[in-house]
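Values quoted throughout were computed directly from the atomic coordinates according to the rules given, and no laboratory measurement underlies them. Not measured: the values here are computed from a predicted model. Cβ placement follows ideal geometry from the backbone for every residue including glycine, while neighbour counts extend to all protein chains displayed.
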């Protein structure tokens, strides 16, 4: 990012001089690396967005344009899915079925199959819960979508960069994810993958300059330009490019193995502590390193404040933009939970320190 700011500073596709050419190469290299990470054959299938929410809105609102539509989603979704669907319900009168989750945050794919109707146009599901870490069987859902010729969108905000993912194996039409989480890029970056051959079903939500086909007044119909109008957040994409390069160098199997080790440490050190509840699955293979907790006698905001003030631990309290997920877990009426997130730069000692902090808070009122 510093190299871009000091030595490039140009907009891609808007000049023939050296800096503009290098700016274009930064974007092309980022697409190639993301394609390699996710097993895709065409880098142009990856649309640069400004965050995961941006990509999800493009996928949902770009596809659903008629009123006589039915959409299947789940109770575990983030507001980045729930709110676009709510807006379409108000604007177009579409119908939405919300599949219930169990107490660990899992969805039964067969319940999705049962919900399919003749006018079902889209199935959208979160891969990994941002509340409790449960990982859904998105390959099984993809098979159902393909059997019924229904468009399939996955919100992979919590899994791309955490889990090995091959877009071909999960039979997905669209996959949205942010740059600033496990891909280790900065805020203001995101990606929407569009399966080859599917883009014609998706209308752009904005039109404008692309640096290509400037002689025609209509939006170019090829990828990625069809969905990328205006200048890119190139300093952000430069950072995203470096983050993805780091993941490729380290290897997703190694990254996943380290996260599994951290998850095991967190669960083992928080087990059977009076007054402390850890929500979500205990099966390490079916979760990512997102943990929601509550301590008896503490509001979520109060617990987060104690963790920061006394232990320098930074957590997120509340409903985490996923109110239905908290309803499924039984934590909505508690005001939500406090969420811990584990990443590749943490060690087992860090996780043990956090777990011990929770034990101290649960066993003492002196910190309140």
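Quick notes on this one:
- Ordered by the count of other Cβ atoms within 10 Å of each Cβ, fewest first, 147, 104 give 147, 104.
- Stretch gain in nm, segment residue 333-residue 6, where the contour uses 0.36 nm per residue and the Cα spacing is subtracted: 112.7 nm
- Take every Cα pair under 8 Å whose residues are at least 6 apart in sequence, average their separation, divide by the length of segment 252-363, and the relative contact order is 36 percent.
- Extension gain (nm, one decimal) between residue 42 and residue 305, 0.36 nm per residue minus Cα-Cα: 90.1 nm
- Panel order for 174, 252, by other beta carbons found within 10 Å of each beta carbon, from fewest to most: 252, 174.
- Relative to the longest principal axis of the Cα atoms of the chain, the long axis of helix 52-63 makes an angle of roughly 60 degrees.
- Cα gyration tensor shape of the chain, rounded if a/c is under 1.5, else prolate or oblate by comparing a/b with b/c: oblate
- Contact order normalised by residue count of the chain, Cα under 8 Å, 6+ apart, percent: 20
- The separation of segment 170-196 from segment 251-271, counted between C-alpha centres, amounts to 23 Å.
- Beta bridges per DSSP with both ends in the chain, % antiparallel, nearest 5: 55
- Between segment 103-165 and segment 46-98, the alpha-carbon centres lie 14 Å apart.
- The chain: angle of helix 252-269 to the longest principal axis, Cα-based, in degrees nearest 10: 20
- The chain: calculated mean residue ellipticity at 222 nm from DSSP helix runs of at least 4, using -39500 (n - 2.57): -11500 deg cm²/dmol
- Using alpha-carbon coordinates, inclination of helix 300-311 to the longest axis of the chain, degrees: 80
- Neighbour-count ranking [beta-carbon atoms within 10 angstrom, fewest first] of 57, 214: 214, 57
- Take the Cα of residue 363, step 7 Å toward its Cβ, do the same at residue 253, and the gap between the two points is 4.1 nm.
- Shape call, segment 115-267: gyration tensor on alpha carbons, a/c limit 1.5: oblate
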